[in-house]
1. Find how much the distance from residue 88 to residue 5 grows on full extension, using 0.36 nm per residue of separation minus their present alpha carbon separation; answer in nm with one decimal.
2. Can you show me the helix-derived [θ] at 222 nm for the chain, built from DSSP H runs with n ≥ 4 at -39,500 (n - 2.57) apiece and divided by the number of residues, rounded to the nearest 500.
3. So how compact is the range 39-92: Cα radius of gyration and Dmax in angstrom?
4. Which of the trypsin sites (Lys or Arg not before Pro) found in the range 60-108 are loop residues per DSSP with 12 or fewer other Cβ atoms within 10 Å of their Cβ?
5. Which helices of the chain meet both criteria: a Cα extent of 18 Å or more along the helical axis and a mean Kyte-Doolittle score no lower than -0.5, with helices taken as whole DSSP H segments?
6. Under 15 Å Cα to Cα from residue 47, which aspartates and glutamates show up? Leave out anything in the same chain fewer than 8 places away.
7. Tell me the label only: which of (i) 0.91; (ii) 1.23; (iii) 1.00 is Rg/Rh (Cα atoms, Kirkwood Rh) as calculated from this structure?
8. Leaving out ligands and nucleic acids, and using a 1.4 Å probe, what accessible area per residue does the chain come to in Å²?
Amino acid sequence: MVPSIARQSVIIKCNMQKSVLTGNYEFYYAAGLLKKLYGVEIPPDIKPLELKNFVSENLKNLSPKDEKEQWLFRMLSDYAPFEEYDDQMKELLLWGMGEEYLWSVNLE
């Protein structure tokens, strides 16, 4: 799996307010954006089902600021993760947490 593809997919979906998260890689990047946008502290080694519960609990206390964030919340709320976990998911979570080019597909 190429991590940048999962990143781009989440950004495009939020920009267009279309589609859903299609796998754990996208889910982890999207969850990382919660840290970036709202300061939600997510343990970096969290497993998929724990992350789903953690995200669901935190979304109850957050309010999206615009349509992109609203779509991100919707995708995170609706996603049902798979149990499988690997190091690329952690990499994508950390990437989302430190995203420098928010809502931009290009990395410049």
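1. Numbers: separation 83, 0.36 × 83 = 29.88 nm, distance 1.20 nm.
Residue separation times 0.36 nm, minus the Cα-Cα distance, leaves 28.7 nm.
2. Values: 5 runs with 64 residues, N = 108.
Rounded to the nearest 500, it is -18500 deg cm²/dmol.
3. Cα only, the range 39-92: 11.7, 32 Å (Rg, Dmax).
4. Working: sites: 60, 65, 68, 74, 90; in loops: 60, 65.
Those that pass, being in a loop and sparsely packed, are 60, 65.
5. Details: long enough: 3-16 (20 Å, 0.38); 24-38 (21 Å, -0.17).
Helices meeting the criterion: 3-16, 24-38.
6. The reachable aspartates and glutamates, counting only those whose Cα sits under 15 Å from residue 47, are 26, 83, 84, 86, 87, 91.
7. Checking each listed value against the structure points to (i).
8. 54
The values are calculated or read from the model by the stated rules, or taken from the named source; none is laboratory data. Everything numeric in this text was worked out from a predicted model, so none of it was measured. Cβ sites come from the backbone with ideal geometry, for glycine too, and all protein chains shown count toward neighbours. When the accessible area is computed, the model is the full protein with side chains, heavy atoms only, and any ligands, DNA or RNA have been set aside. Shrake-Rupley method; radii C 1.70, N 1.55, O 1.52, S 1.80 Å.
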